[in-house]
Amino acid sequence: EVFARDLFQAKPTTIDQLVTMTGWVKTIRSGAHVSFLELNDGTDLRNIQVVLSAAELENYQAVIKLNLSATVKVVGQIALTPKAAQPFEIQATAVEVLGQAAADYPLQKKQHSFEFLRTQAHLRPRTATFYAVFKIRSLAAFAIHQFFQERGYVYVNTPIITSSDSEGAGEMFKVSALDFDHLPLTSTGTVDFSKEFFKKATNLTVSGQLPDEGFALAFRNTYTFGPAFRAEDSHTTRHTAEFWMIEPEMAFCDLAEMLQIEEQLIKYVINYLMTKAQPELMLLTEKVDADLIKKLKATTTSDFEVISYDHAIELLQQAPQTFTYPVKWGVALQSEHERYLCEEVYQRPVFVINYPEAIKAFYMRRNDDGKTVAAADLLVPGIGELVGGSQREERPQILSEKIATAGLNPAEYQWYLDLRRYGETSHSGFGLGFERLIMFLTGMTNIRDVIPYPRTPGEAEF
Ligand code: 4AD
Ligand code: MG
C-alpha cells in the first residue's frame with residue numbers, strides 16, 4: 001500500500017508501477033466508458049486522480065455510482081501525466097468498495113459557509129480548507145516544540161486543576177466533585193469546602209505561568225504547551241472558553257531579551273511552515289486570504305516595531321478615526337485600538353511595552369517610574385493581541401504589596417514568594433495564544449475555525 005504523501009514527495013518517474021491505495025471518494029466525474037475518481041487518503045491535502053475504465057473493472061457501474069465520502073481500496077498502475085496539474089494518476093485495475101456513504105452526506109460538492117461547517121465539526125476536517133488549517137495547527141505545534149528544544153528549554157506540564165487564579169482576573173470554571181443537588185453546607189449556609197475532594201475550592205487553570213516559574217528557576221529556561229480555560233462571557237471572533245497556550249519562562253532574562261525570543265519564535269514557525277506546509281499555505285491563499293503568503297513572508301523579513309504604551313496612547317489620540325472606546329492614559333487597549341496600531345500605523349507586528357500598573361496582572365515588574373510595569377503585548381495585523389508577557393516582579397517586598405493590592409489571599413501565594421526568597425533573579429515570560437497564532441498563520445478570521453471542537457459561551461457540541 002502506498003500513501004499520497006509519499007507519492008507527492010517521491011514524484012514518481014516510472015510508469016507501470018502497481019500500487020494499492022485506500023481512501024475516501026472526493027468526487028466522481030462519470031462517463032459511459034471512462035470515469036475519473038478523486039481519491040483522498042488522508043495523508044495529503046491533495047487528491048489522487050484515479051482513472052476508472054469500464055473495460056478494466058467488472059464492478060464499473062457500482063463504483064461510478066458511489067456517493068461522496070464512500071471508502072475504497074484501489075489497485076492500479078501509476079501513469080505519468082506531465083501536462084496535467086498533477087504529474088501522475090492511477091489507472092485502476094481493481095476497485096473494492098470498503099464502506100458506503102449515506103446519500104445525505106452533508107458536505108456535497110458545493111462550497112459551504114464556515115458557519116455551516118461549524119455545525120459539522122466532526123466532518124469539516126474532510127474539506128480542503130479545514131484539512132489545511134488543522135494540518136498547519138499540527139505542524140506549528142511541532143515547530144514550537146522544536147524551537148524551544150533546540151535552545152535547551154525544558155517542557156513543563158503544569159496542573160489543569162488548581163486552587164489559584166494566576167491572572168487574578170477571576171474568570172474561572174469551578175471544579176467540584178460534589179453532587180450539586182446535595183451540597184454539604186456549613187452552619188452559616190455556605191458550601192462546606194472541607195467536604196470537597198481537595199478540601200478547598202478549585203478551578204480549571206487560566207494559565208500555567210506561576211507553576212512554570214518555579215521550574216524556570218531550576219532549569220533556567222522552560223515552556224508549557226497546554227490548555228487554558230476562561231469563563232469570560234466574550235462573544236468575539238478571538239475568544240474561546242478553552243484554548244491552548246504556550247508559556248515560556250526565562251531566568252536571568254529581562255524584557256528586552258524576551259522580546260527578541262518572542263520575535264524569533266514567530267518567525268521560526270512561519271519559516272518552518274513555508275517549507276513543510278506549501279500546499280496548505282497555497283490553498284489557504286487561494287480560498288481564504290489572497291495576501292496570506294505575502295503577509296507571512298513580510299513578517300519573517302521585517303523587524304517587529306517596539307513602542308511604549310505612552311506612545312501608543314499618543315498615536316491613538318491623534319488617529320483620524322474615532323473609536324468606540326475613548327482613549328486616555330490609563331485605559332486598557334481594546335481590540336479596535338490594537339488593530340489600528342498594527343494595521344494602520346505600522347502594518348506589521350508591534351510590541352507595546354510598559355503598560356500602567358493598574359491595568360496589568362500583579363506579577364508584572366514595577367518600573368522605576370512607579371506607575372508602569374515591564375509588560376509587553378504583541379499586536380499583529382488581523383488579530384490584535386497575539387501574545388501577553390512581562391518581566392516578573394522579583395523583589396519580595398514589592399510582590400507582597402502587589403498581591404495584597406490585587407485582593408489576593410497572601411497565604412495562597414506564599415510558595416510563589418518563596419521563589420523570590422530563595423535566590424531571586426530577573427526573569428521574564430510570555431503567553432502565546434495558540435489559536436490566535438493559527439488564525440494569523442492561516443488567514444482564518446474566526447477562532448472557532450482554528451480549534452477542532454470549539455468551546456464558546458452557549459456552545460459545547462461534540
Ligand atoms: O494575556 P494573557 O491573559 O496572559 C497570561 O495568561 C499570562 N499568564 C501569560 C504569561 O505571561 N505567561 O493570555 C495570553 C494569551 C493572549 O495574548 C491571547 O493570545 C491568548 O493567550 N488568550 C486567549 N485566546 C483565546 N481565547 C481566550 N479567551 C484567550 N485569553 C487569552
Ligand atoms: Mg493579555
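Each value in this text was obtained by applying a stated rule to the coordinates, not by laboratory testing. Only a predicted model underlies this, so the values are computations on that prediction, with no experimental measurement involved. All Cβ positions, even for glycine, are placed from backbone atoms using ideal geometry, and neighbour counts span all protein chains on display.
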(request) Please label the shape of region 1-95 as rounded, prolate or oblate, based on the square roots a ≥ b ≥ c of the eigenvalues of the alpha-carbon gyration tensor (a/c under 1.5 means rounded; beyond that, a/b larger than b/c means prolate, else oblate). (result) prolate
(message) Using a Förster radius of 35 Å, what is the FRET efficiency between H235 and I293 based on their Cβ-Cβ separation? Nearest 0.05, please.
(response) 0.65
(request) Report relative contact order for the chain in percent, whole number only (criteria: Cα-Cα under 8 Å, sequence separation at least 6). (result) 13
(request) Quick one: of K195/K360; K200/K402; K174/K402; K174/K287, which pairs are farther than 29 Å apart, Cα to Cα? (result) K195/K360; K174/K287
(request) Determine ³J(HN,Hα), in whole Hz, for all residues of region 330-345 in sequence, where each value follows from phi through the Karplus function 6.51 cos²θ - 1.76 cosθ + 1.60 and θ = phi - 60°; x replaces Gly and Pro. (result) x, 7, 6, 6, 8, 3, 4, 5, 4, 6, 4, 5, 7, 8, 8, 6
(request) Collect residues whose amide H, placed 1.01 Å from N in the peptide plane, falls under 5 Å from the amide H of F304; neighbours closer than 5 in sequence don't count. (result) none
(request) Any chance you could run the full-extension gain for Q17 through F142? It's 0.36 nm times the residue separation minus the Cα-Cα distance, nm to one decimal. (result) 41.6 nm
(message) Using the crude model of +1 on Lys and Arg Cβ and -1 on Asp and Glu Cβ, and no other charge, please compute the dipole size for the chain relative to its Cα centre, in debye to 20.
(response) 1000
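Of all trypsin sites (Lys or Arg not before Pro) in region 267-338, which ones are in loop regions per DSSP and have a Cβ with at most 16 other Cβ atoms within 10 Å?
The qualifying sites are K328.
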(request) Quick one: which residues, 5 or more positions from F88 or on another chain, have an amide H under 5 Å from its amide H? H modelled 1.01 Å from N in the peptide plane, none for Pro or chain starts. (result) T81
(request) List, in order, the whole-Hz ³J(HN,Hα) value for each residue of region 167-177 obtained from phi through the Karplus relation with A = 6.51, B = -1.76, C = 1.60 and θ = phi - 60°; use x for Gly and Pro. (result) 9, x, 9, x, 9, 10, 8, 6, 10, 8, 9
(request) Give the cross-link partners of K73 among the lysines, using a straight C-alpha distance below 26 Å as the criterion and excluding same-chain residues fewer than 8 apart. (result) K11, K26, K65, K109, K110, K135
(request) Treat the count of other C-beta atoms within 10 Å as a stand-in for reagent exposure and order V75, V327 from fewest to most. (result) V75, V327
(message) Can you give me the C-alpha center-to-center distance between region 25-77 and region 300-319, rounded to a whole angstrom?
(response) 55
